[in-house]
Amino acid sequence: MKKHLYTKTKVFFTALLLIIGNVVIAQNTVSGVVKDSSGDPVIGASVVVDGTSIGTITDLDGKYTITMPDGSNTLRISYVGFGTRYVTVADGSSMVEELMLSGDPMALDEVVVSGTFTGRTQKESPMSLTVLNGAQLARLTSNSQADILRTVPGITAEGGGGEVATNLFVRGFPSGGQYAFTPLNIDGIPVLSTFGLNSSAHDVYFRNDIGLRSLEFVRGGSATLQGAGSVAGIVNYQSIRGTDDPVNKVQLEWGQGGRIKTDFLTAGPIAKNLYYAFSGFYRYDEGPLETGLPTRGYQIRGNVKKLFNDGNSSFVVSMQKIDDNVQFYLPYPLDNSSGDRERPTGNDGEPIYTMLSSQLKDYSFDTPFGTFKSPIGDGVTTNGQFIMGELTHAFGNDWRLSAKTKAASYDHWFNLFLDGDGTHNTPESQSGYLEDRELPSNATFTYADNGAALASGDLLFENRVLDRQRDMEELVGEVNLTKTVNNHNFTIGTFMSNTKALDNNWIHNVLGDFSNSPRAVGVSYDDGAGNTVSHSSSGYVEGSGRQTSNKTLQSTKIAGYIADEIKWDRFNLDVGLRWEKAIGNVSLEDGVGSNKFNKGIVEASDVAFVIGGLYKLNENVNLYANGSRGYFFPQLRSLKFAGGAPQSYETETVIQGELGAKYGSSRLAGTAAFFFNALSDRRNVDIVNDGNGGITESIQLQSTQTIGFEASLNYNVSNGLDLYGNFTWQDHEFTEVEGNDEQVGNSIARIPNIMGMVGVNYENSGFDINLSSNFLGSKFANNSNTVELDGFNIVRADAGYTFDLGKGDESLRLGLSVFNLLDAAGVTEGSPRQGNSQVAGGEFFVGRPILPRRIFVRAAFQF
């Protein structure tokens, strides 16, 4: 029984939806018991009267009692990691025989809540959907969201920058990274409902912890109905919620390079029908790359749930408090002398992994608003919180109400060392440095830390520091009603959000030597009149500091939607429509400190249509297809003004289609799908060098098209041994590029044509071992396709042993995890700042390698 206790909280949210919908329609009561193939009771399995909202969960002994309508009915019994059972109950029966559940390696029969308004199994959803459970998530979160999301077919995820700002590309969409077309959701509400108020990614506001029950990733146009900005999919994390069975976990983690992290989870009952769940972490990290800039922080999340009205109603209050900072790594000059784009060797003869440096911080300079001190040493900082309320009620006539609201506020800075000075961007000799900047040849170079002169052959690297203030606050609300009528589940709902964000930028130049975590370099010279002039004081390049942006952007969204999920014996049909309006309010100072502002209000609205169907070919195979016409609101930060008035603001049109199959049996599960998408009039925004040492936003209209195929497979070789993998092929191209007709037909930057994963998982007698390899094929660094980046593999390994520590589910798991086991050094991207001007040749190539190998040791207690 113990092996079911440790996952009992994984199904709670599903069970909650079932319990609140348990409306007594008639007087036929049925009891039974659910066990696994070993004869142990399955705790927390969902038991539902198929085609209705009536349901319950099994107790500590695997037993259940359920009241059903008159007549013959079918019970659907499901549990995470097991196949779903359907049992016919004759009219008047009061007892069902002992039911046995068998394994479900890909969770195809797990009830999901993403991509549906009513909750149904993944196998019965007419769309592509991947589910990861809490145990999988806990072992994948080594560095960033990319470590998790790259395991999903159709997803390109770059995590070379560190723990935050994952670059995410879904099925060939030209997102430029981040979460442009695929918003990050927590418990069904977006972390940020509007993309493009500034350039910060959604994952800066949220960190994973061990209080997550599952991840559900919906791909394709069907996601358009489910939330703001859900064009290509939804990333939805589900939190653990308390039940009658208490659970407590503490995980200690030691990471190579000076990482210490403590996670905790505690959940259980407070009183009758009142439950809690709280989780969080504290972390200190001097890595993953050695910079001399350690980071630390914490996050606490929690929820309290109250059941009332005889279980037909529930109210959940959820919260998050985060105060955390991490370092972010941008591309830097790689050794390209032999064409291999390898990590270079520094002046001290050691490999260079990063240009971040503890010596190149704490500088200040004057701006029109006073003296500004750069917070670059803090890296990416987030300090804030959200609070969310969720009310659900099942009415007696098969109407179900769901209402959610969330208020969030964050102080956020995204501070980063860029990838060069915007003009040279590669190491320079001392004489070349002086000549290019027209400085006297008698200038001297000294190390700021000890005053010693640089050796004559030492190289220099001038870089820029960009400090970006990105404070954000948001209010979100969503209400919907669902009505079950025969085989129809009708849903009508509305969504509203108001988001306000700052976009303030400061930039200055710093000078260091060319070595790992560079030493600050001072440059001074005699002006000929006996005066010593400083060009670089302790690494700060004099006169380079300035504020470049002062913006406030606000977005209001209002949406309404209607959908019908229709279910027949062998055929499911989804149809839906969503109307949405976005209003943008922009305040942009024209020249910082000028007190001259471009201010304007723009708005746009559009309608999305979705249809999807699924046919149950036989007990094991379901065939499905879907199609959609969707929209995307352009980034408000891309808005330009002419004559004091904002330019046009129109939606981008998205057409998507999918044709696939899902197979599930006791030992083999798999999915396969062909997909197509076309994006028209995309207002693309790239941050590029302006040619004068600064940066600017390059805006360009683009249209793209992608066709592809993706597949996933899991095979249960024997008890406890599984083989799994996925494969994606995608052919993507530009069909229109404003001002660059020569790029039509080119591949979209940073998206490979081929990628995949293979892995093996073994669990038996307390041992667990997982080994996987992610392959990303070659891709182009820019849209002009002048630079091709080679493909690479990232191998991960995780192993552990679980010790029994006492009665029940008290245990200790000791584990070892290795990210990038083979220490591959592939390049994830070139220099976005150089954009289409970057070339493949030269002694140095500016690119960002994947993070090097890192070893983690974990001790996880459960009691």
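Values for this structure:
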{"read-out": "Residue in the range 93-109 that is open to solvent by 20 Å² or more (accessible area, probe 1.4 Å) and at pLDDT 60 or above present", "value": "yes"}
{"read-out": "Selection count, the range 497-531, where residues are over 37 Å from the mean Cα position of the chain (by Cα) and over 20 Å from Ser431 (Cβ atoms)", "value": "3"}
{"read-out": "Any pair with Cβ under 6 angstrom, 6 or more apart, that starts in the range 799-811 at a residue that is among the aliphatic types (A, V, I, L, M) and ends at one that is open to solvent by 50 Å² or more (accessible area, probe 1.4 Å) and not in a loop (DSSP other than H, G, I, E, B)", "value": "Ala799/Ile769; Ala799/Leu816"}
{"read-out": "Pairs where the first residue, in the range 219-242, is basic (Lys, Arg) and the second is at pLDDT 85 or above and not in a loop (DSSP other than H, G, I, E, B), C-beta under 6 Å, 6+ apart", "value": "Arg219/Ser128; Arg241/Ala277; Arg241/Asn303; Arg241/Lys305"}
{"read-out": "Residues located in the range 621-645, provided they are in a loop (DSSP other than H, G, I, E, B) and open to solvent by 50 Å² or more (accessible area, probe 1.4 Å)", "value": "Lys640, Gly643"}
{"read-out": "Residue that is in contact with a Ser or Thr (Cβ under 6 Å, 6 or more places away or on another chain) and over 18 Å from Gly384 (Cβ atoms), where the choices are Leu307, Leu330", "value": "Leu307"}
{"read-out": "Residue ID - nearest to Lys500 (Cα to Cα), chosen from residues in the range 407-433 that are assigned to a loop (DSSP other than H, G, I, E, B) and open to solvent by less than 40 Å² (accessible area, probe 1.4 Å)", "value": "Leu418"}
{"read-out": "Members of the range 313-337 found to be open to solvent by 20 Å² or more (accessible area, probe 1.4 Å), over 30 Å from Phe278 (Cβ atoms) and modelled with pLDDT of 95 or more, listed by number", "value": "Asp335"}
{"read-out": "Residue in the range 665-704 that is farthest from Pro126 (Cα to Cα), counting only those that are of a type in the set (Val, Ile, Thr) and touching a residue at least 40 places away in the same chain (Cβ under 8 Å)", "value": "Ile695"}
{"read-out": "Close pairs from the range 39-68: first under 20 Å from Lys567 (Cβ atoms), partner basic (Lys, Arg) and at pLDDT 70 or above, Cβ under 8 Å, at least 6 apart", "value": "Ser46/Arg76; Val47/Arg76; Val48/Arg76; Val49/Arg76; Asp50/Arg76; Gly51/Lys567; Ser53/Arg400"}
{"read-out": "Filtered residues of the range 483-513 (kept if β-branched (Val, Ile, Thr) and farther than 22 Å from Asp411 by Cα)", "value": "Thr484, Val485, Thr491, Ile492, Thr494, Val510"}
{"read-out": "Members of the range 276-308 that are of a type in the set (Lys, Arg) and either open to solvent by 10 Å² or more (accessible area, probe 1.4 Å) or in contact with a helix residue (DSSP H, G or I) (Cβ under 7 Å, 6 or more places away or on another chain) (or both)", "value": "Arg296, Arg301, Lys306"}
{"read-out": "Hits in the range 591-612 - residues which are outside any strand (DSSP E or B) and open to solvent by less than 70 Å² (accessible area, probe 1.4 Å)", "value": "Gly591, Val592, Gly593, Ser594"}
{"read-out": "Within the range 258-273, tally of residues that are open to solvent by 50 Å² or more (accessible area, probe 1.4 Å) and either closer than 15 Å to Asp324 by Cβ or not basic (Lys, Arg) (or both)", "value": "7"}
{"read-out": "Given (1) under 11 Å from Gln359 (Cβ atoms); (2) modelled with pLDDT of 95 or more, index of the condition Ser538 fails", "value": "(2)"}
{"read-out": "Close pairs from the range 470-493: first under 20 Å from Leu391 (Cα atoms), partner among the basic types (Lys, Arg) and open to solvent by 20 Å² or more (accessible area, probe 1.4 Å), Cβ under 6 Å, at least 6 apart", "value": "Glu478/Lys404; Thr482/Arg400; Phe490/Lys483"}
{"read-out": "Those residues of the range 227-267 which are in a strand (DSSP E or B) and of a type in the set (Lys, Arg), in sequence order", "value": "Lys249, Arg259, Lys261"}
{"read-out": "Among (1) open to solvent by 20 Å² or more (accessible area, probe 1.4 Å); (2) out of contact with any Gly (no Cβ under 6 Å at 6 or more places or on another chain); (3) part of a strand (DSSP E or B), the one test that Ser648 misses", "value": "(3)"}
{"read-out": "Matching option when the condition is of a type in the set (D, E, K, R), more than 20 Å from Val152 (Cα to Cα) and touching a Leu at 6+ places or on another chain (Cβ under 7 Å), among Lys261, Lys249, Lys272", "value": "Lys249"}
{"read-out": "So Gly188, is it farther than 20 Å from Phe676 by Cα and surrounded by fewer than 23 Cβ atoms within 10 Å (Cβ to Cβ)", "value": "yes"}
{"read-out": "Residue satisfying condition, being farther than 30 Å from Val685 by Cβ and either among the acidic types (Asp, Glu) or modelled with pLDDT under 95 (or both), within set Asn761, Asn836, Asn774, Asn783", "value": "Asn761"}
{"read-out": "Cβ-Cβ under 6 Å pairs, at least 6 apart or on other chains, the range 389-401 side farther than 14 Å from Phe490 by Cβ, far side assigned to a loop (DSSP other than H, G, I, E, B) and of a type in the set (Val, Ile, Thr)", "value": "Ala394/Val23; Gly396/Val23"}
{"read-out": "Residue among Thr381, Thr354 that is in a strand (DSSP E or B) and touching a strand residue (DSSP E or B) at 6+ places or on another chain (Cβ under 8 Å)", "value": "Thr381"}
{"read-out": "Qualifying residue in the range 338-356 (condition: surrounded by 15 or more Cβ atoms within 10 Å (Cβ to Cβ) and in contact with a His (Cβ under 8 Å, 6 or more places away or on another chain))", "value": "no"}
{"read-out": "Selected residue (only one of Phe767, Phe780 is among the hydrophobic types (A, V, I, L, M, F, W, C) and closer than 23 Å to Arg833 by Cα)", "value": "Phe780"}
{"read-out": "Residue match in the range 283-301 (condition: of a type outside the set (S, T, N, Q) and free of Cβ contacts under 8 Å to residues at least 24 places away in the same chain)", "value": "yes"}
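Let's see how each residue does on (1) at positive phi; (2) of a type in the set (A, V, I, L, M):
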{"residue": "Gln327", "(1), (2)": "no, no"}
{"residue": "Gly339", "(1), (2)": "yes, no"}
{"residue": "Tyr353", "(1), (2)": "no, no"}
{"residue": "Glu390", "(1), (2)": "no, no"}
{"residue": "Leu401", "(1), (2)": "no, yes"}
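Matching residues to (1) basic (Lys, Arg); (2) under 28 Å from Leu140 (Cα atoms); (3) touching a strand residue (DSSP E or B) at 6+ places or on another chain (Cβ under 9 Å):
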{"site": "Gly808", "(1), (2), (3)": "no, yes, no"}
{"site": "Arg813", "(1), (2), (3)": "yes, yes, yes"}
{"site": "Leu822", "(1), (2), (3)": "no, yes, yes"}
{"site": "Gly830", "(1), (2), (3)": "no, yes, yes"}
{"site": "Asn836", "(1), (2), (3)": "no, no, yes"}
{"site": "Glu843", "(1), (2), (3)": "no, no, yes"}
{"site": "Arg848", "(1), (2), (3)": "yes, yes, yes"}
{"site": "Arg858", "(1), (2), (3)": "yes, yes, yes"}
{"site": "Phe863", "(1), (2), (3)": "no, yes, yes"}
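The values are calculated or read from the model by the stated rules, or taken from the named source; none is laboratory data. Model, not experiment: these values are computed from the prediction. All Cβ positions, even for glycine, are placed from backbone atoms using ideal geometry, and neighbour counts span all protein chains on display. Surface accessibility is based on the protein's heavy atoms, side chains included, excluding ligands, DNA and RNA. Shrake-Rupley method; radii C 1.70, N 1.55, O 1.52, S 1.80 Å.
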